[in-house]
1. In the stretch 179-214, which residue that is among the aromatic types (F, W, Y) and touching a helix residue (DSSP H, G or I) at 6+ places or on another chain (Cβ under 6 Å) is nearest to L144 (Cα to Cα)?
2. Starting from the stretch 107-131, take each residue that is in contact (Cβ under 8 Å) with a residue 24 or more places away in the chain and list its partners that are of a type in the set (D, E, K, R), counting only C-beta distances under 6 angstrom and pairs at least six apart or across chains.
3. Can you tell me which residue is modelled with the lowest pLDDT among those in the stretch 150-191 that are within 13 Å of F82 (Cβ to Cβ) and part of a loop (DSSP other than H, G, I, E, B)?
4. Name every residue in the stretch 56-85 that is without any contact (Cβ under 8 Å) to a residue 24 or more places away in the chain and aromatic (F, W, Y), in order of residue number.
5. For the stretch 146-156, name all the residues that are out of contact with any Phe, Trp or Tyr (no Cβ under 6 Å at 6 or more places or on another chain) and in contact (Cβ under 8 Å) with a residue 60 or more places away in the chain.
6. In contact (Cβ under 8 Å) with a residue 40 or more places away in the chain, of a type in the set (G, A, S) and part of a helix (DSSP H, G or I): does that describe S218?
7. Name the pairs: first residue in the stretch 189-204 and touching a residue at least 24 places away in the same chain (Cβ under 8 Å), second residue assigned to a helix (DSSP H, G or I) and surrounded by 16 or more Cβ atoms within 10 Å (Cβ to Cβ), Cβ to Cβ under 7 Å, at least 6 apart or on different chains?
8. Give the stretch 206-226 a look and list any residue that's touching a Phe, Trp or Tyr at 6+ places or on another chain (Cβ under 7 Å) and either buried (at least 20 other Cβ atoms within 10 Å of the Cβ) or among the aromatic types (F, W, Y) (or both), or say none.
Amino acid sequence: MSAGINGHAIAAIYKFEMNRTFRTIWQSIAAPVLTTTLYLIVFGAGLGGRISPFHGVPYGAFIVPGLIMLSVLTQSVANASFGIYFPKFSGTIYEILSAPVGALEIVIAYVGAAASKSLILASVSLATAFLLVPLRVDHPILMLMFLTLTAFSFSLFGFIIGIWADGFEKLQIIPLLVVTPLTFLGGTFFPISVLPAAWKAVALFNPVVYLISGFRWSFFSQGDVNIGVSLAATLGFLSVCLLIVWRIFQTGWRLKN
């Protein structure tokens, strides 16, 4: 076994995960895109004309970054958690761990596949949004950077959940009871600046606020918090997830016992 990264192993696991996605394309791609589109039609094209613009941005366009983030966060967590949990459930994880494949290759393959799926969903959803609402992107490079960082960060988070879970029920607990509520309360449908002062202070403890705010700033050059703070919060979350994954493979927690 060479000292470098095993590219063949990464490619094999990545290809398997992506093939599984395309075998269930209606569930993996079409359903999330349809959900996002329905939100855009109902809240954007339908109710958007009845709601005053926020800082000159029509409501239909305002909610697009939040809806895309909602899709990316939930799908990144779901895809990555199921991707690593199923080998545990079926017992094939031991074959992977005993093969000449290092922890780095396993993480790159599973997390990379989950992030790729989320980025595909985000691209299709964004293209659909341009057809339904008047939308602009002031900082496309920054938008792509935020989107990529978020997809990989929450894919890592989902990877951790998949290792932690010891049943299919636990795979749903954190995405349904934590990630989705935080996303809805993190400025998806409204800026936190419209909240009373006390609730605004509480909202700033929601980490998703910084993700959505930074992503929205890349569209309209405005957000709930400073763009530098949003970027720092995103990188901080990514770093914490990387540290946790490194510790899991160092100790073999929930993998070897």
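The values are calculated or read from the model by the stated rules, or taken from the named source; none is laboratory data. Being a predicted model, the structure only gives us computed values, none of them experimental. Here the Cβ is made from the backbone with ideal geometry for all residues, glycine too, and neighbour counts use every protein chain on show.
1. We begin by selecting, within the stretch 179-214, every residue among the aromatic types (F, W, Y); these are 184, 189-190, 199, 205, 210.
Filter once more, keeping what is touching a helix residue (DSSP H, G or I) at 6+ places or on another chain (Cβ under 6 Å): 189, 210.
Numbers: F189: 21, Y210: 16 Å.
My answer is Y210.
2. A113/E17
3. By that ranking, first place goes to G167.
4. Keep residues of the stretch 56-85 that are without any contact (Cβ under 8 Å) to a residue 24 or more places away in the chain, which gives 56, 59.
Residue satisfying the conditions is Y59 alone.
5. Here is the first cut: in the stretch 146-156, the residues out of contact with any Phe, Trp or Tyr (no Cβ under 6 Å at 6 or more places or on another chain) are 147-152, 154-156.
Listed by number, the residues that qualify are L147, L149, T150, A151, F152, F154, S155, L156.
6. Numbers: in contact (Cβ under 8 Å) with a residue 40 or more places away in the chain: yes; of a type in the set (G, A, S): yes; part of a helix (DSSP H, G or I): yes.
Spelling it out, S218 is indeed in contact (Cβ under 8 Å) with a residue 40 or more places away in the chain, of a type in the set (G, A, S) and part of a helix (DSSP H, G or I).
7. Correct list of pairs: F189/F43; F189/I63; F189/G66; I192/A203; I192/V209.
8. Of the residues in the stretch 206-226, the ones touching a Phe, Trp or Tyr at 6+ places or on another chain (Cβ under 7 Å) are 207, 214-215, 218, 223, 225.
Answer for the stretch 206-226, where residues must be touching a Phe, Trp or Tyr at 6+ places or on another chain (Cβ under 7 Å) and either buried (at least 20 other Cβ atoms within 10 Å of the Cβ) or among the aromatic types (F, W, Y) (or both): G214, F215, S218, G223.
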